[in-house]
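One structure is given here, and the rest of the page talks about it.
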Amino acid sequence: MEALQAAPPTVRHDSRIVSMLAAAIALAVFLIDALTPLDIAIAVLYVVVVLLVSSTGKRRATIGTAWGCVLLTLIGFMLSHDQTVSGSALARCVVSLLAISTTAVLALRNQTAITQRQRMEAELERQREELRNTIDAIPGMVWSASPEGRLIFVNRRWNDLGVSLGDSGPQGNGDIWRTIVHPADIASMQRDWQAAIATGAPFENVSRMRGGDGVYRWMHIGAEPLRDASGAIRRWYGVNTDIEARKQAEHALRRSEAFLLDAQRLSRTGSIATSLPAGTMWWSDEAYRIFDYPREVTPSIDAIVARAHPDDVATVRGAHEAALDGAREIDVEHRLLLPDGTVKHVHFVAHRAAADGEGEGDETVGALMDVTETKRAQEALARSTAELAHVTRVTMLGELAASIAHEVTQPMAAIVTSGDAGLRWLGRATPDIGEARQAITQMIRDARRASEVIARIRAMARKRDSQPATLDINEIAGETLELVQRELARLRVEVRTEFTMPAPVVRCDRVQLQQVLINLLMNAAHAMSGVDGPRILRIATSAGLDAPGHVLVTVQDTGTGISEESARRLFDAFFTTKAEGMGMGLSICRSIIEAHGGRIWAEAPEEGGARLRFELPGHEGDDDEH
Ligand code: ADP
């Protein structure tokens, strides 16, 4: 933009002096015209008066003066030619009047022209000022450059950068870009700029520029050429826009995307978004990896189903349909069968979220977790827990050998006795068939009892997977007491049972539940073996505390009790206070109870001794399949 020039100042004389001078001339002309007999058109000199007054620019004064001069001319004419009016005198008077009026008209017209020019110039100046203010107000650094690329104009925003518009363009011209653009960006910026100048294509570049505070900020620099009628570039107009905030947001976005990508890969969690009701999907990179699909594959439920394990296809479809039907939460676990035969376990959780745009329906956004490793670890843990449980069970059976032997030998001895009796009844002169039958019936009953005990012992000794069954907890507690009965008797323990009725039913592995009970009973018996007072073991079943329908089993003793220090570690593996102890009993009890959805804990009753309790979810319904 050119330097804005001020309008030339209007020449304004001191109007008072001019008026006085005009009045003096008018008086002189009048006196000469009226009082001297000169035969010349002296009144023509009134023209000077009119011109002088008109030069003050005062319109009305000019008109008044013109009329005044006309009047004076007429008066002068009448005073000097009162008797005879010669033709030439009249002609002189007319010429003077014509000269005055013509001069007045021309002067007035000239005045009007000057006033209009002044107005136009003022308007132009106002417009320039407004344009300059507008350009200064633009929230960007506006500039213009010559066709060769030399900066010619900069707006006020540039002042912040220490660059201002001097008389001959921006100060420090030439190296301005070099002083404000970051050294790392200047080369590419100038290359782009030179290319734009050479080709006349719009210029665009993103560079860091140093602000007044010395801190570099990201700027977008853009410029367009202005061409003349022939198409030649006359000027470049450019604007630099601060995009630091955008750059920072972009950077933050890129960083969080990278974080997300890393987090997804490390946690083996992919994302799946499904827009509803169309069902179109979007998968993250990790989701592709989990499904083992290349990126070219279009995400779809069919693509997922194609990867689902044949036994789990219904689960996958069911979850998808539930989402389409408007379910707010989806939570499924299923397997994938990949083309190479690999089986993966995945856990998919999703919830419904409103889509970004309006009128686009909803979306379910979900996380697909590859839980294969976790599953394997869980399975391995379950296996080793089961093995450990088995080993401790066998050890326990060893400890209970005497008691078990008694449980078996007792019915055996009874069988022998009944056999002997039976034979005697038959050996009589008149065999007493009735008594013999009774003896045989007795034998069968005892043999059954013995074989039941043996079956139970064998079941405990056998290594097998957990087999959940619907169990009457009172019955299991009774059976278990029988198994350890002799051991309890040996240790002079008095057993008190409090079984709630109707008998609570749980869903549990029979052998494992027995193992827990034997552990608790034997621990209680051992804890009491060293005390002198009464040795009372209370085993009770009742309604649970945690939730309605839960079942609570309590084993309480009057033994040594549990110290505060032991209480914290009671259920830890290898924690024992016994010389021969393994410290695995309670730890296994806990894993068994927790595997069945329950919890186990110890309490210190006020009356002394220890109270071990566990709670299991109660089982409702009588079908044995679930
Ligand atoms: P172990 O019987 O081999 O020591 P457990 O895990 O069954 O292993 O028990 C761990 C420890 O908990 C015992 O050594 C004992 O100190 C303590 N304990 C368990 N039950 C009782 C109880 N009823 N009274 C007192 N202490 C107990």
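Structure data summary
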{"quantity": "Top-ranked residue of region 106-117 - restricted to ones that are at pLDDT 90 or above and surrounded by 12 or more Cβ atoms within 10 Å (Cβ to Cβ), ranked as nearest to the chain's Cα centre (by Cα)", "calculated": "ARG117"}
{"quantity": "Single condition GLN485 does not satisfy, out of (1) more than 13 Å from the ligand (Cβ to nearest atom); (2) of a type in the set (S, T, N, Q); (3) touching a residue at least 60 places away in the same chain (Cβ under 8 Å); (4) within 21 Å of ILE593 (Cα to Cα)", "calculated": "(4)"}
{"quantity": "Close pairs (7 angstrom Cβ cut-off, 6 or more residues apart or separate chains): touching a residue at least 24 places away in the same chain (Cβ under 8 Å) and under 17 Å from GLN512 (Cα atoms) in region 576-587, near the ligand (Cβ under 6 Å from one of its atoms) and assigned to a helix (DSSP H, G or I) anywhere", "calculated": "GLY585/ASN519; GLY585/ASN523; LEU586/ASN519"}
{"quantity": "Cross-chain or 6+ apart pairs with Cβ under 9 Å, region 590-601 first and within 17 Å of GLN467 (Cβ to Cβ) and among the aromatic types (Phe, Trp, Tyr), then outside any loop (DSSP other than H, G, I, E, B) and at pLDDT 90 or above", "calculated": "none"}
{"quantity": "ILE476 away from the ligand (no atom under 12 Å from the Cβ) and closer than 22 Å to ARG393 by Cβ", "calculated": "yes"}
{"quantity": "Every pair of residues 6+ apart whose Cβ atoms lie under 6 Å, when the first sits in region 237-255 and is without any contact (Cβ under 8 Å) to a residue 60 or more places away in the chain while the second is part of a strand (DSSP E or B) and surrounded by 12 or more Cβ atoms within 10 Å (Cβ to Cβ)", "calculated": "ILE243/TRP218; ILE243/HIS220; GLU244/ARG217; GLU244/TRP218; LYS247/TRP218"}
{"quantity": "Selected residue (criterion: farthest from the chain's Cα centre (by Cα)) from residues of region 409-442 that are surrounded by fewer than 17 Cβ atoms within 10 Å (Cβ to Cβ) and either closer than 24 Å to MET582 by Cβ or among the β-branched types (Val, Ile, Thr) (or both)", "calculated": "THR430"}
{"quantity": "Subset of region 527-565 that is within 10 Å of the ligand (Cβ to nearest atom) and either in a strand (DSSP E or B) or acidic (Asp, Glu) (or both) - its residue that is farthest from the chain's Cα centre (by Cα)", "calculated": "LEU537"}
{"quantity": "Residue in region 71-94 that is at pLDDT 90 or above and more than 14 Å from VAL29 (Cα to Cα) present", "calculated": "yes"}
{"quantity": "Options ALA547, ALA540: the member that is in contact with a strand residue (DSSP E or B) (Cβ under 9 Å, 6 or more places away or on another chain), surrounded by fewer than 22 Cβ atoms within 10 Å (Cβ to Cβ) and modelled with pLDDT under 90", "calculated": "ALA547"}
{"quantity": "Residues of region 500-526 classified as within 12 Å of the ligand (Cβ to nearest atom) and not polar (S, T, N, Q), total", "calculated": "8"}
{"quantity": "Checking THR497 against (1) within 15 Å of the ligand (Cβ to nearest atom); (2) at pLDDT 95 or above; (3) not in a helix (DSSP H, G or I), the condition it does not meet", "calculated": "(1)"}
{"quantity": "Qualifying residues in region 571-618 (those that are touching a His at 6+ places or on another chain (Cβ under 9 Å) and more than 7 Å from the ligand (Cβ to nearest atom)) - the one modelled with the lowest pLDDT", "calculated": "GLY618"}
{"quantity": "Pairs, first closer than 17 Å to ALA540 by Cα in region 554-568, second at pLDDT below 90 and within 9 Å of the ligand (Cβ to nearest atom), C-beta under 8 Å, six or more apart", "calculated": "none"}
{"quantity": "Filtered residues of region 415-439 (kept if assigned to a helix (DSSP H, G or I) and charged (D, E, K, R))", "calculated": "ASP420, ARG424, GLU435, ARG437"}
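Conditions tested, residue by residue: (1) part of a helix (DSSP H, G or I); (2) in contact with a Gly (Cβ under 9 Å, 6 or more places away or on another chain); (3) not polar (S, T, N, Q).
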residue: VAL349; (1), (2), (3): no, yes, yes
residue: GLU379; (1), (2), (3): yes, no, yes
residue: THR385; (1), (2), (3): yes, no, no
residue: LEU388; (1), (2), (3): yes, no, yes
residue: VAL394; (1), (2), (3): yes, no, yes
residue: GLN410; (1), (2), (3): yes, no, no
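The values are calculated or read from the model by the stated rules, or taken from the named source; none is laboratory data. Computed from a prediction, not measured in an experiment: that's the story for all the values here. Cβ coordinates were reconstructed from backbone atoms using ideal geometry, including for glycine residues, and neighbour counts include every protein chain displayed.
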